[in-house]
Amino acid sequence: MNSGSGFNRFNTKLNLSYKITDNITIGNNFSFSKTRTDVAQNPLLDARNAPPVYDVMNPATGDYQYITLINVPNPRAKLDLYRSQVRQERLLNNVWAEIKFLKDFTFRSSYTTDNYSPSQYEYTPTLLYVPVSSQKQSTLITRDNRYRNYVWDNTINWKKDFGNHNLELLAGFSRIRDSRSEDVWTAKNVNYNGTNGSLNINNGTDIFNYHDTAAAVTDGRPAATQDQQRIESFFGRINYDYAGKYLLNASVRRDASSQISTDRYKTFPAISVGWVVSKEGFMSEQNVFDLLKLRASWGKLGNPRVKRDFSPIVTNIGGGVYYGNTGYPAGTVDRVIDPSIGWETTTGSDFGVEMAFLNNKLKLEGTYYNKESKDIVYAINQATISGASNPYDFTTNAYSFRNKGFEVSVNYNANLSEGVKLGVYGNFTTLKNEITNVYQDSFLETGASLFGNSIVRLQAGQAVGSYYGYEVAGVFQTDAEAAASGQNGAKAGWFKFSDLDGNGVIDTRDKTFLGSPIPKGTYGFGINLTVHSVDFGIDFQGVFGNKIYNYNREQRYGNESWDLDMYNNRWTGAGTSNTNSMITSNQSVILPNSFYVEDGSYFRIRNIQVGYNLPSSLAQSLSVKKLRIYLSAQNPLTIFKYNGFSPEIMNSDRVQMGIDNNIYPISAIYTMGMNLTF
């Protein structure tokens, strides 16, 4: 029987080029990969919520234990019995040709196809260890996806030198098409015997197929989807420098995207300049700088791959309209879309300096940047009175924001003696993020919520993803204290919320911003050392100034399983705790509040590697050119205060980037390997 979690991969690559004449070259780059991933159906949250008083296996019978206290699946049984596997095949093929003509001109055409075919099955067994009344038929779902994408690039380049003047011009055209289709099958009563062959749709009953044009979903079955996106671009670029001292780069793009309905074509210019001060004559006598360069840039970019949906959902009503006493068929739109979604754009500028010292052993670089992103496409909440089936998923150009800060990096590389090399490097970045505008110039509540109470608010002047709720001032110790607080229905053991407006009543007007998921700063540094045949490297990384919303902990109030810190420090009577509330399912305790907002700072050893290179004479005696043996550890240690598995919340949603909602923790990877060169 396959494990609930596993992975294997096969890759092959082939790169060819052929020079037909001195002026014509053609080539082909080919790669094929095949992977198989056994995906456990996320038992992590179930393991967290399952009461620790239960054994996952019944000690008396050795069978899986049925959890009766709360409705949580047995996480061990879920890992062992539920099956989900993803198989992927990907074929990338790039053919290209390059033609040189009229001495200074080069034409290049490149056509890349990407055929990607992931397939997946999801199997839910009949759980025989649960009561008969709770047993359900086994189900099997299979999904076959087909991605057929291509990129066609064409450029013509002219390069010419005129004494100290160096000029290069480029013009081009590009076209991209991404298409996707899906075929979904479902069946019931499929018996799994431990082999993939038994997980066949034809072995079940009640077989049903959803294809690209299938009808609406029925009986809770998944729907098939299809999509196609097209991007077309015209672009030009000029590079100029004078004697390597004065540098200019300017470009312009004219892009169009099928995802945009209004103002589909957009122009994006950019320009950068540089001055290599150290090459000036007045710097010839100085012995401090090996390089001193000043640079600045400004540019505008667009994101054509915005999320959207072009089709509203219309429900037919048999007798929806009455004229007199007679009802006539009618229709109503119950899924609202925004037909006017436009480009996401980013306009940015930066100013920087680059320096080198000690015969280029020491290099420093510093940059100030300021970027404004406008019209970010995101799904927001709309009023439920709209009657729409997507009141929490109305996609539109929701907000704009600005990022600004400084970036500093330093590198030092030197040969300390023969056979001994040292490299030291580091970087530091600050970031101030601020929303500049939101949809309809008010505020947006979106993202994860409990009982209709959103955790995140988007509002001008705040950082993207900022948490919004009540500020906890402690825990009520007595019912009398709670009754006098103005906090409706409060009891001893509940969180005491701050009366921020001072009117003696705790209500939504006392909510405030509780922190941001965006770090104020990030940093990294490391050391590389080679001593003859032995090499050593270590890399550190960290962030500070950000907050994490512990949604895992908030959801578990009312359940019978808590983390150890919550259990040890919970309120159990007057004087027992002024930080952690009592354990209760009352919704007033799990309103969004500062108790669930925790420090997200961390310091991590990102990578350690030790290697040994066999002396060349000994390697040759073994009929090899080079032999290197190495040991490495990736993410072996992370230091943090957060009450969760990992402070690095790998959430791709840019609004909910700091919400830990059953996020799978980052893995530590230990590797032993060998590099052979023949």
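The table for this structure:
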| quantity | calculated |
| --- | --- |
| Aspartates and glutamates whose Cα lies under 15 Å from that of Lys404, excluding same-chain neighbours fewer than 8 positions away | Asp350, Glu372, Glu434 |
| By average C-beta atoms within 10 angstrom, highest first, the peptides 393-399, 414-420, 200-206 | 393-399, 200-206, 414-420 |
| Longest to shortest principal axis, alpha-carbon extents of the stretch 627-678, angstrom | 50, 23, 13 |
| Separation between Cα centres of the stretch 251-293 and the stretch 342-385, rounded to whole Å | 14 |
| Scattering curve values for the stretch 247-304, log₁₀ I(q)/I(0), Debye with Cα scatterers, q = 0.22 Å⁻¹ | -0.85 |
| 3J(HN,Hα) from dihedral phi, the stretch 266-271, Karplus parametrisation 6.51/-1.76/1.60, rounded to Hz, x for glycine, proline | 9, 9, 10, x, 7, 8 |
| √(5λ) per eigenvalue of the Cα gyration tensor, the stretch 521-678, largest first, Å | 48, 15, 14 |
| Relative contact order (percent, whole number), the stretch 33-113, Cα cutoff 8 Å, 6+ residue spacing | 34 |
| Spacing of the two label points (7 Å from each Cα toward its C-beta) at Phe162 and Arg148, in nm | 5.0 |
| Whole-number percent relative contact order across the chain, with pairs defined as alpha carbons under 8 Å at least 6 apart | 7 |
| Estimated dipole of the stretch 41-97 in Debye, rounded to 20 [Cβ of Lys and Arg +1, of Asp and Glu -1, Cα centre] | 240 |
| Square roots of five times the Cα gyration tensor eigenvalues for the stretch 1-125, Å | 56, 13, 10 |
| nm² value of the averaged projected area, convex hull over the Cα atoms of the stretch 34-77 | 3.9 |
| Residue-normalised accessible area of the chain, expressed per residue, 1.4 Å probe, Å² | 54 |
| Under the Karplus curve 6.51 cos²θ - 1.76 cosθ + 1.60, θ = phi - 60°, whole-Hz ³J(HN,Hα) for the stretch 398-414, x wherever Gly or Pro sits | 8, 7, 10, 8, 10, 10, 8, x, 10, 10, 10, 9, 9, 9, 10, 9, 8 |
| Whichever lysines have a C-alpha closer than 26 Å to that of Lys361, once near sequence neighbours (fewer than 8 apart) are set aside | Lys245, Lys279, Lys293, Lys421 |
| Residues Tyr18 and Ser623, FRET efficiency given R0 of 25 Å [Cβ-Cβ distance, rounded to 0.05] | 0.20 |
| Theoretical FRET efficiency, 1/(1+(r/R0)^6), r = Cβ-Cβ of Asp263 and Asn675, R0 56 Å, to 0.05 | 0.60 |
| The chain, accessible surface, carbon-and-sulfur percent (1.4 angstrom probe) | 54 |
| Exposure rank, largest accessible area first [Phe268, Phe357, Phe10; 1.4 Å] | Phe10, Phe357, Phe268 |
| Values of log10 I(q)/I(0), in the order q = 0.06 Å⁻¹, for the chain under a Debye, Cα-only, solvent-free model | -0.52 |
| Integer Hz, Karplus 6.51/-1.76/1.60 couplings in order for the stretch 536-548, x for Gly and Pro | 9, x, 9, 10, 10, 7, x, 9, 8, x, 10, 10, 10 |
| Convex hull of Cα atoms in the stretch 431-524, direction-averaged projection (nm²) | 8.3 |
| Hull volume in cubic angstrom per residue (convex hull over the Cα atoms of the stretch 371-500) | 228 |
| Spin-label pair Val53/Asp114, simplified geometry with 7 Å Cα→Cβ offset, distance in nm | 5.3 |
| Area of Leu362 that stays accessible when all protein chains are in place (1.4 Å probe, Å², to 10) | 40 |
| Cut-off 16 Å (backbone N to label point 7 Å along Cα→Cβ of Asp653), residues of the stretch 442-463 | 444-458 |
| Which of Glu280, Glu434 is most accessible, then next, and so on - probe 1.4 Å | Glu434, Glu280 |
| Prolate/oblate/rounded label for the stretch 144-206 (Cα gyration tensor, a/c 1.5) | prolate |
| Modelled FRET efficiency - R0 30 Å, Arg308 with Phe173, Cβ distances, 0.05 increments | 0.75 |
| Cα-Cα over 29 Å, subset of Lys13/Lys363; Lys371/Lys496; Lys34/Lys266; Lys496/Lys547 | Lys13/Lys363; Lys371/Lys496; Lys34/Lys266 |
| Euclidean distance between Cα centres, the stretch 26-64 to the stretch 456-528, Å | 36 |
| All lysines inside 19 Å of Lys188 as judged from Cα atoms, apart from same-chain residues fewer than 8 positions distant | Lys78, Lys136 |
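The values are calculated or read from the model by the stated rules, or taken from the named source; none is laboratory data. Since the structure is predicted, the reported quantities are computational estimates derived from the model, not experimental observations. When we count neighbours, we look across all protein chains shown, and the Cβ atoms used for this are built from the backbone with ideal geometry, even at glycine. For accessibility, only protein heavy atoms count, side chains too; no ligands or nucleic acids. Shrake-Rupley method; radii C 1.70, N 1.55, O 1.52, S 1.80 Å.
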